[in-house]
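The values are calculated or read from the model by the stated rules, or taken from the named source; none is laboratory data. Predicted model only: the values in this text are computed from it and were never measured. Heads up, the Cβs are rebuilt from the backbone with ideal geometry, glycines too, and the neighbour counts pull from every protein chain shown. The protein model used for the area step is the full one, side chains on, heavy atoms only, and it has no ligands, DNA or RNA in it. Shrake-Rupley method; radii C 1.70, N 1.55, O 1.52, S 1.80 Å.
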Amino acid sequence: RKENDDLYRSHYINDFGGAAGLYWNFSPKAGIATLYNRANDYSVRWPLALIFNVNNIDRLYGFELIFETRTDVISQLFAFKVKNTTFGLSVSLYDLNQHFAFPVFNKDYPVNKKNPVYPLDLKLNGKAFGFSGGFMLPLSPSIHVGGAVRSSVDFDTNGTAKTNYFLAITDSLQIKSNIKSTFKLPMSGGLGLLYRFNEQLNFNCDFSVELWQNASSDINFDYSNSSWVSRMNGETPDSIVGFSWTEIPFIYKNIFSAGVGIEYIPYDNLAFRFGYRYQTNPNEKKAYSFLVPAVGQHILSSGIRFIIYEKYLIDLGLAYAIGPKVRVDENDNIRFPGSYKAATLLPSVNIRYTF
């Protein structure tokens with residue numbers, strides 16, 4: 001919501017993610033596993049309508065603002081036990097896909113009377129390796145502690161940019177250009193504790209951090225088409241949505257999250273769980289925009305787990321994430337002041353089969 005009470009709503013397309021894995025304990029004290037999961041999934045979409053007077057006629061132009069960055073991971077893990085402590089190490093291949101889209105203003109519009117604004121669409125992909133490790137230690141039959149750390153991951157991305165903007169200047173320029181960029185996932189880590197009251201009731205709590213302050217920066221784009229570069233309308237932010245051809249502000253700060261949960265097991269083949277998690281706000285106020293409106297989260301969750309025919313385990317979960325309102329003043333962000341908030345519903349299904 002802006003200062004003048006105009007209301008903007010991001011529309012999320014229903015999104016699906018997944019995870020899968022195989023593990024094998026080849027001895028009482030060692031095992032291996034191969035896992036796939038989505039380590040990072042950020043998606044924001046906004047509809048945007050702009051009205052311009054073209055040849056004394058008001059025309060409505062529709063656009064979609066998009067910021068999507070998803071990271072799929074395939075990991076090879078090795079776990080081993082030393083006395084009572086279990087250790088795990090993994091090497092992971094990360095596959096990053098990013099999609100950005102927003103309109104750019106035609107600086108030559110008042111002169112040539114062609115379209116005043118054009119969509120710009122950017123798609124990039126990159127692969128990189130990362131490492132992680134963890135441990136699990138029983139302090140007593142009732143208390144277990146564990147921890148894990150993941151290395152930072154640096155991506156060099158390549159892709160394409162597409163726009164009809166340059167057709168307003170000359171028909172000879174192509175509508176596509178190759179582009180390059182970089183992106184970095186931060187180092188992260190956490191600690192957790194499990195307390196067993198009895199065979200029917202468990203309590204757990206955990207704490208984790210993500211060091212975005214050492215990883216985040218503006219997302220910059222380098223274009224291979226020299227004709228594009230020479231005709232771009234400068235390096236300053238666009239007059240409509242505040243982004244330039246070559247840069248999107250993405251300034252995250254270090255964040256932490258903490259959660260607690262209870263699991264109740266009335267029968268051997270049935271369990272219920274309830275939990276709460278809080279995550280701090282990652283976004284710097286000067287970086288808030290249509291494409292980066294992230295806020296902190298209060299996450300309420302519940303789930304049920306049941307076993308069928310001894311070998312099949314089914315786990316159903318439902319979480320509701322509430323993003324508390326963040327107020328951004330003009331002194332902090334002259335282009336995108338206002339109030340930001342969010343809400344997300346997260347259902348999940350997990351199936352396990354034991355050979």
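If you check Ala128 against the conditions, is it open to solvent by less than 20 Å² (accessible area, probe 1.4 Å), assigned to a strand (DSSP E or B) and modelled with pLDDT of 95 or more?
So Ala128 passes the test.
Mind checking which residues of the stretch 278-332 are part of a strand (DSSP E or B) and of a type in the set (Val, Ile, Thr)?
Ile299, Ile304, Ile307, Ile308, Ile314, Ile322, Val326, Val328
Does the stretch 64-75 include one or more residues that are in contact with a Ser or Thr (Cβ under 6 Å, 6 or more places away or on another chain), under 20 Å from Leu22 (Cα atoms) and free of Cβ contacts under 8 Å to residues at least 60 places away in the same chain?
Yes, there is a match, as at least one residue in the stretch 64-75 is in contact with a Ser or Thr (Cβ under 6 Å, 6 or more places away or on another chain), under 20 Å from Leu22 (Cα atoms) and free of Cβ contacts under 8 Å to residues at least 60 places away in the same chain.
If we scan the stretch 262-270, do we find a residue that is touching a Ser or Thr at 6+ places or on another chain (Cβ under 9 Å) and either of a type in the set (Phe, Trp, Tyr) or open to solvent by 80 Å² or more (accessible area, probe 1.4 Å) (or both)?
Within the stretch 262-270, not a single residue is touching a Ser or Thr at 6+ places or on another chain (Cβ under 9 Å) and either of a type in the set (Phe, Trp, Tyr) or open to solvent by 80 Å² or more (accessible area, probe 1.4 Å) (or both).
Across the stretch 195-230, which residue is surrounded by the most Cβ atoms within 10 Å (Cβ to Cβ) among those that are in a helix (DSSP H, G or I) and touching a helix residue (DSSP H, G or I) at 6+ places or on another chain (Cβ under 9 Å)?
Trp228
Among the residues of the stretch 48-73, which ones are of a type in the set (Val, Ile, Thr) and either within 23 Å of Gly146 (Cβ to Cβ) or open to solvent by less than 70 Å² (accessible area, probe 1.4 Å) (or both)?
Val54, Ile66, Thr69, Thr71, Val73
Is it true that Tyr118 is assigned to a strand (DSSP E or B), in contact with a helix residue (DSSP H, G or I) (Cβ under 8 Å, 6 or more places away or on another chain) and open to solvent by less than 50 Å² (accessible area, probe 1.4 Å)?
Considered against the rule, which asks whether it is assigned to a strand (DSSP E or B), in contact with a helix residue (DSSP H, G or I) (Cβ under 8 Å, 6 or more places away or on another chain) and open to solvent by less than 50 Å² (accessible area, probe 1.4 Å), Tyr118 comes out as yes.
Given the condition of a type in the set (A, V, I, L, M) and surrounded by fewer than 17 Cβ atoms within 10 Å (Cβ to Cβ), answer yes or no: does some residue in the stretch 277-296 qualify?
Among the residues of the stretch 277-296, not one is of a type in the set (A, V, I, L, M) and surrounded by fewer than 17 Cβ atoms within 10 Å (Cβ to Cβ), which makes the answer no.
For Phe290, state whether it is aromatic (Phe, Trp, Tyr) and at pLDDT 90 or above.
In short, no.
Among the listed residues Asn97, Asn84, which satisfies the condition of being open to solvent by 20 Å² or more (accessible area, probe 1.4 Å), in contact with a Lys or Arg (Cβ under 9 Å, 6 or more places away or on another chain) and free of Cβ contacts under 8 Å to residues at least 60 places away in the same chain?
Testing whether each residue is open to solvent by 20 Å² or more (accessible area, probe 1.4 Å), in contact with a Lys or Arg (Cβ under 9 Å, 6 or more places away or on another chain) and free of Cβ contacts under 8 Å to residues at least 60 places away in the same chain leaves just Asn97.
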